[in-house]
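The block underneath contains the structure these notes are about, expressed in structure tokens.
Nothing in this text is a laboratory measurement; each read-out follows from the coordinates by a stated rule. Keep in mind the model is a prediction, meaning the values are calculated, not measured. Using ideal geometry, Cβ is built from the backbone for each residue, glycine included, and neighbour counts are taken over all protein chains shown.
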Amino acid sequence: MIAETRAEARDAAELVQVEYEPLPAVVDPERALEDGAPIVHDDFGTNSCYTWKLSAGDVDEEFGNASVVVKERYRQQRLIPNAMEPRGVIVQPFPATGELTMWSATQIPHIARVTLSMVTGVPEAKLRVVAPDVGGGFGSKLNVYAEEALALVLARKLGRPIKWIETRTEGYQATIHGRDQIQEIELAATSEGKIRAVRAKLTVAMGAYLQLVTPGVPLLGAWLYSGAYDVVAYDFECTGVFTTTTPTDAYRGAGRPEATYAIERAIDALARKVGKDPVEIRRLNFLREFPKTIASGLTVDSGDYDAHLDAALELLDYDAVRKDQAERRERRDTKEVGIGFSTYLEMCGLAPSRILGAIRYGAGGWDAATIRFLPTGTVQVLIGTSPHGQSHETTFAQIVADQLGVGYDEIEVLHGDTAVTPLGMDTYGSRSLTVGGIAVYKAAERIVEKARKIAAHQLEVGEDELAYDGGRFTANGGALTTKEIALQAWTAHNLPDGMEPGLEASYVFDPENFSWPAGTHIAVVEIDTETGNVDLIRYVAVDDVGKVINPDVVAGQIHGGVTQGVAQALWEEAVYDDDGNLITGSMVNYLVPSAAEVPSFELGSTETPSPTNPLGVKGVGETGTIASTAAVMNAVVDALSARGVTDIDMPATPERVWRAVKEVAS
Amino acid sequence: MLAPNFPGRKEDAVRRVSITVNGAEHDLDLDPRELLVYVLRERLGLTGTNVGCDTSSCGACTVLIDGESVKSCTVLGVQADGQEITTIEGLATNGSLHPVQEAFKDTHGLQCGYCTPGFVMATVSLLRETPSPSEEQIRHGLEGNLCRCTGYHNIVRAVQQAAGVGV
Amino acid sequence: MIPAPFDYEVAESVDQAVELLGSRDDAKLLAGGHSLIPLLRLRFARPALLVDIGRMDDLRYVRDAGEQLAIGAMTRHNDLQHNPLVQEHTPILSHTAGLIGDPQVRHRGTIGGSVAHGDPASDLPTVLTALDADLVVRGPGGERTVPAEEFFRGVFETALGPQDVLTEIRIPKLGAAGWTYVKFTRRAQDWATVGVAAVVRRTNGTIDAAAIALTNMGPTPVRARAAEGALKTPDDAAGAANVVAQESDPPTDTSGSADYRRHLATVLARRALEEAISR
């Protein structure tokens, strides 16, 4: 329905009488695979979308020889991303030229332009996509949506601007969801608790229609089901299943929070089985020599896992909290305390293009930057990543200011407009600094390289005789600053023979490896065993994200990521009824936590620079979410373990906790 | 406009109201069903006030009416007749940010920024009622606002800085 | 979301409001709007006419009426929370008002609007039921007083007729009685999963009278008479709590099943009674 005002469109839409023919629903991915389940797409004859396997080492032999086998089954409930800004799109047509400009609340203006051009037939060269200030994404705006294509087609057809703004309740149905998988994980271990092999099997709801990365999302965790632990054999299998629900796709962490959850919960189960403390069993199994090719076949760049575990234990004062726990049990306190660990390992910095090709992603994993030194001494930095809350303007300006010796305020970082920054792969997968930031760094190197040639020419010295520091070349008492050189490069009156005028450089960086942040997160919960209420009372996070460019930005990413992961553990769940209706259809009953539900966080850091990029950075956008869900659920189970509780489904609602406590008591 | 969809509706239900926004008086002819947030955004061009939900849950649309925080998605424009509204655009004076705005900036209390105007307005109201709040009072004072980026940690720091309490 | 169209009139007096309500089929009163506007926006409610009484400041008051406090229907939650008379004579009401919704809701929402809406998940109706409050209603036939326990008839159903305006709430002063309202929510801003209001009158270690009412444990606030009867001495809190859900008929929803709510009511009632007895 197209109208001139919001109210008219809404009124007019109400006049349309739709006759719906209800089709049978199947909302649970395991149920969807059973014989006789309603088939979502009749022409496929099955709801199985794909099965993908990865195997290394002799897993069967390891399980055959194992003294201890742990077999666990976990449910990753369906989540709704809830970026605070709903989606929205505006398209302005220019009928005279056939050009169309689209403003979209998207994470991926570049990918959207390619895809929308292919879908709508608007020539790519006539289509400009702008992602202005975008209010959060968390993966939900890493998709090319029908409304974008519709707005484009309608604007072209009508020759008038078209605007569409999503309402929140609409978004709950039409914007992608996350997670929704059943995980079965088995560990084969020695009697001491040394893990030898891991077997993981996933059954994942795709929803009814595949979106941009739907089938690939669980596979981003495929290599990580052995976590930060040294194992010799590894087996992973994932089956994607069509269900009559909103599609799943990337949600903060995408595949890796799920993997971390499974291994971190399972290693606690192993610890209980072999009678070890969760700290002790982790130390027994840590990867320790780097670079290290892990069982699943990828190479972890660097790390020191004992260091962040030690730091976290000290921040927490582990012994004191354990003592409190013991005393409460001693006096039969109805309020129990639990301590939960998550010593996660993450792979991020998406991604080496060749690896993406191997798992059939449709695009590469490189990113691009252009640095333009303007004649008056200010600098434009054009980046291919597209921030929506990650502070690229700050961090990338710091990188450039350091290298070019110009003031931070003299740098303008431009992004998210295909007309201004035509080359880019956008922002997701903790890739912006580890891929895009390196492109910025390399482009700045090229600027300095060219400036050096000009300085050597004008100061009449050899290039290797020049010292460079803080934007200033010096030799034999002579000096030239980068700003002076920028003007010289523009006037071009006195450049080396054959040199192109101007001081501008570009770089496209394709990473050789993923980057591998790791850390220790510890959650402390207090559980009211009478009501089942879980209160997160402390949260300690010590992360190793490699070199840190801006500590405030890094801490902010961790705070927010942790909160989203905690929310999965304790509050959030998208629930469908058996007829396929979304029951948690608004923010009233899909429980995004507020400030009143979470504590302040206690952060620490350790640092092992990544050797695979010149900045030594590893990425931080997803670490908090990847780590925290497991930490909180391990804490919940730890609090109740003395009573015999070994698992509670997420979210650990008061009712679920109450039932678990009641069940073991009877 | 479409025909009214119930019998007996007046030909022209529009009402003339006078609303003072950020110190400036506006006489407006409003359809009674226009929500205050859309009056601010679409009639007055004050787009700093955001809409994040449709269930009065998220607080992104928080403004002050006569100095008190309210969710402008849950107020009809006509209800604001004769009242004084302050939006995020009305906080800065002579080009200087309001201390609460300054504090959010200083403490990295925002990331994507979409919820921020609502949080800032809720904070201004909170500090007017509770000038030296404890951390718990801050967290509960902001329970009507949702943020998905910051985990609230630095928002709490911002409020503490603005209040001159804690660190 | 945009409400369906409606007409809008501002009432300057209660009599005018009554008259305007009678002027059209399906006219509705608008107070603070914090119950009604969310429903309008989703088009779950589509009245033909809204009669705005929200700006009638002569309905926004708290007065000492001897044995009772008289509270004007347009008194806001935030007023109740901070009003010295309410704090002194019916502190349970100011305590409960501070637990409603969030600060923005408390700045706009009114006691009259909340009560007239008849939502069984609301806190104030439960407290008024436990306090044996009287609700003063003006309609075409004049003024009448309805006891709180008879006022709430079902989910979103009250004793108010289509032309009735709730004008005042009269609450017996608590005096030395012990009291509390315990509200259990998943998030601070949520509706109560279960709430328990308890008022206990004591002399020298015995309980003279107790009033217990429950939120979200049935289609209306539930008065727990069996539990009240079982509370004879301060040691009876647990025993009384065990029968607190006897008269209830709780819903099952995403906040909890009926079984869980019954259990929760028992736990919260024990805590509430212990607190009320010791206060």
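For a protection proxy built on the mean count of beta-carbon atoms within 10 angstrom, sort B:107-117, B:34-44, A:401-411, A:118-128 highest first, please.
Ranking the peptides B:107-117, B:34-44, A:401-411, A:118-128 by packing returns B:107-117, B:34-44, A:401-411, A:118-128.
What order do you get for B:151-161, A:311-321, A:186-196, A:508-518 when each peptide is scored by the mean count of other beta carbon atoms within 10 Å, highest first?
My ranking of the peptides, most packed first, is B:151-161, A:508-518, A:186-196, A:311-321.
Determine the percent antiparallel among the DSSP beta bridges restricted to the protein assembly as shown, to the nearest 5.
80
Most exposed first by the Cβ proxy, i.e. fewest other Cβ within 10 Å, how do B:105, A:157 rank?
A:157, B:105
If I fit a long axis through the Cα atoms of helix C:258-278 and take the longest principal axis of the Cα atoms of chain C, what angle between them do I get, 0 to 90°, rounded to 10?
70
Build a GNM of chain C with springs between Cα atoms under 10 Å: which of C:218, C:229, C:118 gets the top mean-square fluctuation?
Top of the fluctuation ranking is C:229.
Under a crude label model (7 Å from the Cα following the beta-carbon direction), how far is residue A:290 from residue A:126 in nanometres?
Taking the two extended label points, one gets 5.1 nm.
For the range B:78-109 and the range C:205-255, write down the distance between their C-alpha centroids in whole Å.
First find each Cα centre; the distance between them is then 47 Å.
Within a 10 angstrom radius of each residue's Cβ in A:132-139, how many Cβ atoms of other chains show up on average? Whole number is fine.
That works out to 4 on average.
Using a Förster radius of 45 Å, what is the FRET efficiency between residue A:192 and residue A:578 based on their Cβ-Cβ separation? Nearest 0.05, please.
Once the sixth-power term is evaluated, E becomes 0.45.
Taking 26 Å as the cut-off for C-alpha to C-alpha distance, list the pairs among A:453/A:483; A:292/A:547; A:323/A:618; B:71/C:28; A:483/A:547 that go past it.
Distance filter (> 26 Å) returns A:323/A:618; A:483/A:547.
If you take the Cα atoms of the range C:178-278, find Rg, then find the Kirkwood Rh from the mean of 1/r over all pairs, what is Rg/Rh?
Taking Rg over the Kirkwood Rh, I get 0.98.
With runs of 4+ DSSP H residues as the only contributors, calculate the mean residue ellipticity of chain A at 222 nm using -39,500 (n - 2.57) per run, divided by the residue total and rounded to the nearest 500.
-9500 deg cm²/dmol
Compute the orientation-averaged projected area for chain C from the convex hull of its Cα atoms and round it to one decimal in nm².
That works out to 14.0 nm².
Which FRET efficiency value, to the nearest 0.05, do you get for residue C:150 and residue C:206 by plugging their Cβ-Cβ distance into 1/(1 + (r/R0)^6) with R0 = 22 Å?
Once rounded, the FRET efficiency stands at 0.15.
To the nearest 0.05, what FRET efficiency results for residue A:18 and residue C:46 with a Förster distance of 22 Å applied to their C-beta separation?
Approximately 0.70, to the nearest 0.05.
Given axes a ≥ b ≥ c from the Cα gyration tensor, I'd like to know whether the range A:312-413 is rounded (a/c under 1.5), prolate (a/b larger than b/c) or oblate.
Verdict is oblate for the range A:312-413.
As I understand it, the value is the acute angle between the Cα axis of helix A:551-570 and the longest principal axis of the Cα atoms of chain A; what does it come to in degrees, rounded to 10?
Around 30 degrees separate the two axes.
Rounded, prolate or oblate, given the Cα gyration tensor of the range B:84-167, with a/c below 1.5 counting as rounded?
Because its axes are fairly even, with a/c under 1.5, the range B:84-167 counts as rounded.
What distance in nm separates the simple spin-label points at residue C:26 and residue B:47, each placed 7 Å from Cα in the Cβ direction?
3.6
Please compute, for peptide C:185-195, the average count of beta-carbon atoms on other protein chains lying within 10 Å of each residue's beta-carbon.
6
Just how far, in whole angstrom, is the range A:44-78 from the range A:626-666 if you go by their alpha carbon centroids?
24
Determine the calculated [θ] at 222 nm for chain C from helices alone, applying -39500 (n - 2.57) to every DSSP H run no shorter than 4 residues and normalising by the residue count; nearest 500 deg cm²/dmol.
After summing the helix terms and dividing by the residues of chain C, the value is -8500 deg cm²/dmol.
Evaluate peptide B:64-71: per residue, the Cβ atoms of other protein chains within 10 Å of its Cβ; return the mean as an integer.
Whole-number average of other-chain Cβ neighbours for B:64-71 is 5.
Give the residue list of trypsin sites (Lys or Arg not before Pro) in the range A:562-666 that are DSSP loop and have at most 15 other beta-carbon atoms within 10 angstrom.
Here the sparse-neighbourhood loop sites are A:643.
Taking a ≥ b ≥ c as the square roots of the eigenvalues of the Cα gyration tensor of chain A, is the shape rounded (a/c under 1.5), prolate (a/b larger than b/c) or oblate?
It is oblate, given that a/c is not under 1.5 and a/b is not larger than b/c.
State which entries of A:71/A:335; A:335/C:232; A:662/C:183 exceed 27 angstrom in Cα-Cα distance in the structure shown.
With Cα atoms farther than 27 Å apart: A:71/A:335; A:335/C:232.
Using Cα-only point scatterers and the Debye equation, what is log10 of I(q)/I(0) for the protein assembly as shown at each q in 0.05, 0.06, 0.07 Å⁻¹, rounded to two decimals?
Computed log10 I(q)/I(0) values: -0.36, -0.52, -0.70.
Using the per-residue mean of other Cβ atoms lying within 10 Å as a proxy for protection, in what order, highest first, do the peptides A:329-337, A:473-481, C:13-21 fall?
C:13-21, A:473-481, A:329-337
Using Cβ counts within 10 Å as a stand-in for footprinting exposure, how do C:151, A:286, B:104, C:44 rank, fewest first?
Ascending Cβ contact count within 10 Å gives the list C:44, A:286, C:151, B:104.
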